[in-house]
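The values are calculated or read from the model by the stated rules, or taken from the named source; none is laboratory data. Predicted, not measured: the structure shown is a model, and the values here were computed from it. Ideal geometry is used to build each Cβ from the backbone, glycine not excepted, and the neighbour counts take in all protein chains shown. Calculation scope for accessible area: heavy atoms of the full protein, side chains included, ligands and nucleic acids excluded. Shrake-Rupley method; radii C 1.70, N 1.55, O 1.52, S 1.80 Å.
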Amino acid sequence: MREKLTVAARGNTDLLGLLALLLVLLVAYQHYDSSLLTPASITILSAQFLPLILAAAGQTTVMLLGGIDLSLGAVLGLSMAVFAIYEAQGAGGVVTAMVLALCVAVAAGAVNGTLVAYAGLPPIVVTLAASFLWGGVTLVVLPQPGGHVPGGLVTAYNNGWNGVALPAVAIAGVLAVWKLLRTTRHGLALYAVGGNEHGAYASGLHTRGVKIAGYGLAGAFAGLAGIGLAIQTGSADPTIGVPYTLNSIAASVLGGISFFGGVGRMRGTVLGALVIGLLTNLLLFTGISPFYQLIMQGVILVVALALKTYLTREATV
């Protein structure tokens with residue numbers, strides 16, 4: 001009972017700390033943009049942040065397994081390229097292009113998971129090599145920025161559809177699907193393998209299969225992020241996914257996901273992604289040089305993580 005209360009206190013402290021930081025950023029953001037809380041602004045921001053939230057959700061899935069995915073940005077770029085190129089060819093319509101891009105991303109994730117499960121190498125090594133593999137495939141599919149996304153879809157995504165912020169609905173959908181997944185056998189197995197792989201195997205779980213499925217799910221999230229980014233920009237860029245790898249890790253860690261696996265909640269990751277997105281925009285508003293923006297973003301994130309760790313430790317003592 002005491003352990004359960006400790007875990008609950010730690011999780012609540014993480015979320016409260018993130019919410020406090022998010023509130024501070026929102027207040028500062030509103031100083032530069034007084035229309036922040038209007039429906040139009042919320043729609044635009046949710047459209048901008050959705051790809052990072054989805055990428056962070058994919059990274060969270062892998063980290064819950066006790067791994068880390070350095071190829072996530074490359075998979076995101078691959079799905080983006082496949083979607084925009086196939087749509088530009090006009091072969092089967094938007095839905096077909098989405099399905100194809102998503103299947104490619106899931107397959108790439110599953111290949112990563114298979115290598116991690118059977119090669120016996122650390123996930124960071126496997127996915128680092130995979131990042132070059134999928135990055136190279138992306139350049140073959142799309143050597144330079146291009147492709148096409150229907151203008152109506154871009155407008156509906158960025159400006160809303162009949163007053164509905166589609167990206168915000170998608171974010172709510174991700175949380176709802178994850179909450180449902182956690183109650184399934186696969187969701188429970190994901191946490192079990194990440195928390196204690198040997199114990200999970202002794203309990204009869206097919207740990208390798210769980211890893212492959214987990215990395216496949218991460219690929220699905222990355223694929224959706226790539227599709228969302230293509231719709232947001234109206235085209236594709238083969239190298240645009242690179243920053244999403246590190247930002248997804250930062251959002252996951254900021255959201256309370258453990259590097260050792262088995263601990264964390266998706267809503268924390270979503271809050272972490274929102275914090276990073278708002279922080280990036282806020283630094284742009286200040287007019288600071290891009291070089292100093294990166295330094296300040298890194299310093300603020302380090303301070304936030306250190307403060308969160310301190311508060312968490314105090315809550316569990």
- line: For the range 27-42 the number of residues that are of a type outside the set (Ser, Thr, Tyr), farther than 24 Å from residue 225 by Cα and not in a loop (DSSP other than H, G, I, E, B) is 4
- line: Across (1) open to solvent by 30 Å² or more (accessible area, probe 1.4 Å); (2) at pLDDT below 80, residue 11 clears everything bar (1)
message: I'm trying to understand the selection: among the residues of the range 191-236, which are under 20 Å from residue 111 (Cα atoms), open to solvent by 10 Å² or more (accessible area, probe 1.4 Å) and among the aromatic types (Phe, Trp, Tyr)?
response: 221
- request: Could you tell me which of the residues 245, 316, 269, 312 is open to solvent by 20 Å² or more (accessible area, probe 1.4 Å) and either at pLDDT below 90 or among the hydroxyl-bearing types (Ser, Thr, Tyr) (or both)?
  value: 316
field: Those helices (runs of 4 or more DSSP H) lying entirely in the range 155-202 with at least 1 residues under 19 Å from residue 53 (Cβ atoms) and in contact with a Cys (Cβ under 6 Å, 6 or more places away or on another chain)
entry: none
- prompt: What tally of residues in the range 127-150 results from selecting those that are open to solvent by less than 60 Å² (accessible area, probe 1.4 Å), in a helix (DSSP H, G or I) and under 22 Å from residue 54 (Cα atoms)?
  reply: 7
message: Scan the range 43-62 and tell me whether some residue there is farther than 24 Å from residue 269 by Cα, aliphatic (A, V, I, L, M) and assigned to a helix (DSSP H, G or I).
response: no
- request: Could you identify the single residue in 94, 106 that is farther than 21 Å from residue 123 by Cβ, open to solvent by 30 Å² or more (accessible area, probe 1.4 Å) and assigned to a helix (DSSP H, G or I)?
  value: 94
task: Show the residue pairs that are 6+ apart or on different chains and have beta-carbon atoms under 8 Å apart, the first residue being within the range 121-140 and under 24 Å from residue 84 (Cβ atoms) and aliphatic (A, V, I, L, M), the second being part of a helix (DSSP H, G or I) and open to solvent by 30 Å² or more (accessible area, probe 1.4 Å).
output: 130/111; 130/115
- request: Would you check if residue 120 is modelled with pLDDT under 90, open to solvent by 60 Å² or more (accessible area, probe 1.4 Å) and not acidic (Asp, Glu)?
  value: yes
message: Just to verify a result, which residue in the range 19-70, among those that are in contact (Cβ under 8 Å) with a residue 40 or more places away in the chain and open to solvent by 60 Å² or more (accessible area, probe 1.4 Å), is nearest to residue 256 (Cα to Cα)?
response: 19
